[in-house]
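So the structure is just underneath, and the comments pick up after that.
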């Protein structure tokens, strides 16, 4: 199959399957998609808390948002390998929008291979995400921003500036 069609199938699948989440009904926003040979790089903005969660305490809203982000990361990984059969590895990053003037915060990063241990029997969402190759920091069930300098992660602000786009 033509690689452009495969990428188009992935984007359509992402829009179709990620239009609504299990916990948040907000859509997933794709930031960047790069296919290079057998490698894929995909960045997205994690879903905001659901509008129906507005009456919940802040910590509960943040826990729901974090759980949805982990579920989405696993699903994006699975969808990438389903839609793009030639892809053998994927670098996946999820960012959390931190405000209109602030750059998004990196909350999940993963380098995933096509081969993954069987995770269907593992009940812990956090453990499933870690076994899929994702790295993240959680405190009391809430995702925390990753420190890009400690992890050797490329800062989205620099990447946007480098590409000549405005944040």
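The values are calculated or read from the model by the stated rules, or taken from the named source; none is laboratory data. What you see is a predicted model, and the numbers here were worked out from it, not measured in a lab. For neighbour counting, all protein chains shown are included, and Cβ atoms are generated from backbone atoms with ideal geometry for every residue, glycine included.
Look at residue 94 and say whether it is assigned to a helix (DSSP H, G or I) and either in contact with a helix residue (DSSP H, G or I) (Cβ under 9 Å, 6 or more places away or on another chain) or over 24 Å from residue 16 (Cα atoms) (or both). Judged against the criteria, residue 94 is not a match. Meeting the requirement of 1 or more residues that are at pLDDT below 70, the helices (runs of 4 or more DSSP H) wholly within segment 104-167 are 148-151, 156-162.
For beta carbons closer than 6 Å, sequence separation of 6+ or different chains, a first residue in segment 105-132 that is over 18 Å from residue 43 (Cα atoms) and a second that is surrounded by 11 or more Cβ atoms within 10 Å (Cβ to Cβ) and at pLDDT below 85, the qualifying pairs are 128/119; 131/119.
Residues checked against (1) surrounded by 20 or more Cβ atoms within 10 Å (Cβ to Cβ); (2) in contact with a helix residue (DSSP H, G or I) (Cβ under 9 Å, 6 or more places away or on another chain):
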residue	(1), (2)
32	no, yes
35	no, yes
44	yes, yes
54	no, yes
58	no, no
71	no, yes
76	yes, yes
80	yes, yes
84	yes, yes
